[in-house]
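Read-outs throughout are calculated quantities, based only on the coordinates presented, and are distinct from any laboratory measurement. Note that the structure is predicted; figures quoted are calculated from it, not measured. Here the Cβ positions follow ideal geometry from the backbone for every residue, glycine too, while neighbour counts run over all protein chains shown.
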Amino acid sequence: METMKRTVFVLIVVVITIIYGIVGALMFLDIQMMTAPETTIKVDFLEINSDEAVIQTTIEVKNPNSFQLITRDFEVVIVSEAGTNIGKVSIEGGDVPSGENRSFTGVAHIRFEDERLDRIATRITSTLGVTFLGFITKTLPINVSVIASVDEVVKDLDAPVVQITADFSDLSDKGVNFTARFEVYNPNPFELSVHNMTVAIESDTGEPVGSMLVPGGMIPAKRSVVFNGTGMVLIEVLNAQTLIVNMSALAGAEIAGFNKSMAVSTTAQIILPDLEELLSSETPTDVVIWGDYKFTWNGVVLNVTLEFSNPNKVTFIARDVTCAIYRVDGDREQLIGSGVLEEGVIPAEKTTTLLQGEVEIPYSKFFTSDIGRGIPDWLLLSVRANLTIPGVDHSIWIGINGYQDLHPFK
């Protein structure tokens, strides 16, 4: 019985040994027939400027074999067309399972120095292998070169994106101060210069009303930079509803000895503010009304005087000036006289006495009315006028009221 057990055990060991030997031989034969993996190399310029470029190398390995592959460290060397090593980076390797893909990525910084780089070569070396029973039984070297054209990168120069906003301030007889804000976005992966920025400003009718020059500058890759410009537009621009701002400039890049430039232009419509928004908000335009009543044979004559204190830097013209006199008894009032005053000029930043005139009130209306008899409780003096700016169609409608107490000794 003991002898039979030993015999069975020996047979099992022999069978297992034979099976392992057959499997090992088949695997070894399979390894010897290892198919070279499909290797794809991709070189991208992440960033590029006049001094250096940031290059990303992506290595994709596809394993077509029935067993796992092992990749040892990749060495990436970037060489100029003249054969100068200008960049180097090591990429850690790893396992590539059977029938699967795996990507390995590394980033290198290369400097251009004084050398013009028409083309660069990316040389990649590594070793692929397979392990069996803990040992590498077969290896396959990889040696790949990829040519990239710097010139092609520069040719793909994208136009910058420009957004325009504007503010108006300091209205004066000379015009309206105009501040423009140009936000320029650089969509390229390299630094861009924007210069010779000229701005032509038109009204919505196409009439030129101003211009300005805006200093340009450098814009980093994938970034925005704001350039400000100030100027003055003609005061007649206030007759328009919108302004048309036309900006033109020259954008360019200098990369690895290559110079690329392109014309850039954009147009924006700017809505004009109301006239009241441009006037002084700190100090109001004060108006004082004076009424001097005189009794004559024919009636009561009212001498009207208006005094303007104009804090603004712009001159006004008072037009369509009317004067009305109301008899006031209690809470009721009735018109008893009216007249028209001549227009007058209100100089900028001055206090001026002007707009004098007379209004005659017959005694029949002064002492007798539908709301009362005898001397009224009050006389209400009301003046209305349009304030306009020379050259501007818009106006400001103003009203001034003054009361005269005819019973001072109540």
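So which of Lys174/Lys260; Lys88/Lys222; Lys174/Lys222; Lys62/Lys222 end up more than 31 Å apart, counting from Cα to Cα?
Lys174/Lys260; Lys174/Lys222; Lys62/Lys222
So what's the net charge close to Asn312: Lys and Arg +1, Asp and Glu -1, counting the other residues with Cβ under 14 Å from its Cβ? Walk me through the numbers on the way to the answer.
Working: positive: Lys174, Lys313, Lys350; negative: Asp170, Asp173, Glu276, Glu277, Glu282, Asp286, Glu349.
Charge balance in the 14 Å sphere: -4.
For the stretch 186-196, in order, what is each residue's ³J(HN,Hα) by Karplus, 6.51 cos²θ - 1.76 cosθ + 1.60 with θ = phi - 60°, in whole Hz (x at glycine and Pro)?
After applying 6.51 cos²θ - 1.76 cosθ + 1.60, I find 9, x, 7, x, 9, 5, 10, 9, 10, 9, 6 Hz.
Which one of Val264, Val304, Gly357 has its Cα pushed farthest toward the positive end of the charge dipole of the stretch 231-380, where Lys and Arg give +1 and Asp and Glu give -1 at the Cβ?
Farthest towards the positive pole: Val264.
Neighbour counts of other C-beta atoms within 10 Å: give me Trp397, Trp378, Trp297, Trp290 arranged from fewest to most.
Exposure proxy ranking, most exposed first: Trp297, Trp397, Trp290, Trp378.
What does the charge add up to near Asp370, with Lys and Arg as +1, Asp and Glu as -1, over the other residues with Cβ less than 12 Å from its Cβ?
Charge balance in the 12 Å sphere: +2.
Given an 8 Å cut-off on Cα distances and at least 6 residues of separation, report the relative contact order of the stretch 286-405 as a percent.
29
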